[in-house]
Amino acid sequence: LVKHGYINAIIGLPANLFYGTGIPACIIVIDKEGAAQRDGIFKAFGRAFFKQDLNLMYEVVTADFTWTVDEGDKVHVLDSRNKIADFFEQRRGKFENVRFDDVVYHHAADATFMTYRMTGTDVATGEAFAKVGVERYTFRDGKLTVKDVYSRPAEIEAPRATNSKRGV
């Protein structure tokens, strides 16, 4: 249920609510339909983002879509198609081998949160980088209306050992 984003809310109930048992209980509110719709929006937005295709992006965002990127030392408020295009242009060619790992979606009633780890290489310096972050998404009329991004530098993990053996 969590993996597919079907949980819309968890309501904690007090102890001793039910006769014969003192254990607390909870009500889990499941929204399978809404999760499927949000999943489709995320996939379409992700394709548009990685292709940097504004026409594709504006098929799944509202006309007044606002994307805020907090990089710690600078906050970018991208509240128009032109500002998003400029942001893409500023970043084009700056990073390579970018990967998002440990991506987890947390669906709430009025927003969806995504936590992640991002790694890649800074083209200008050749240095590897890593960031961890959280993104907050809100929706209106079946489209993405706000995306807030908060990230910070993270430790670069050592490459994982493999079980493969070299031939002798």
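The table for this structure:
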{"read-out": "Accessible surface ranking that places the most exposed of Tyr105, Tyr116, Tyr58 first, with a 1.4 angstrom probe", "value": "Tyr105, Tyr58, Tyr116"}
{"read-out": "Given charges at beta-carbon only (K, R positive; D, E negative), |dipole| of region 48-163 in Debye", "value": "140"}
{"read-out": "Distance (nanometres) between label positions extended 7 Å along Cα→Cβ at Asp148 and Val98", "value": "2.2"}
{"read-out": "Value of relative contact order over region 89-162, rounded to a whole percent, pairs C-alpha under 8 Å and six or more apart", "value": "23"}
{"read-out": "Trypsin sites (Lys or Arg not before Pro) restricted to region 39-146 and DSSP loop, no more than 14 other C-beta within 10 Å", "value": "Lys74, Arg92, Lys94"}
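The values are calculated or read from the model by the stated rules, or taken from the named source; none is laboratory data. Treat the numbers as computed from the prediction; the structure is a model and nothing was measured. We place every Cβ from the backbone using ideal geometry, glycine too, and count neighbours over all the protein chains shown. Keep in mind that these areas ignore ligands, DNA and RNA; they rest on the heavy atoms of the full protein, side chains included. Shrake-Rupley method; radii C 1.70, N 1.55, O 1.52, S 1.80 Å.
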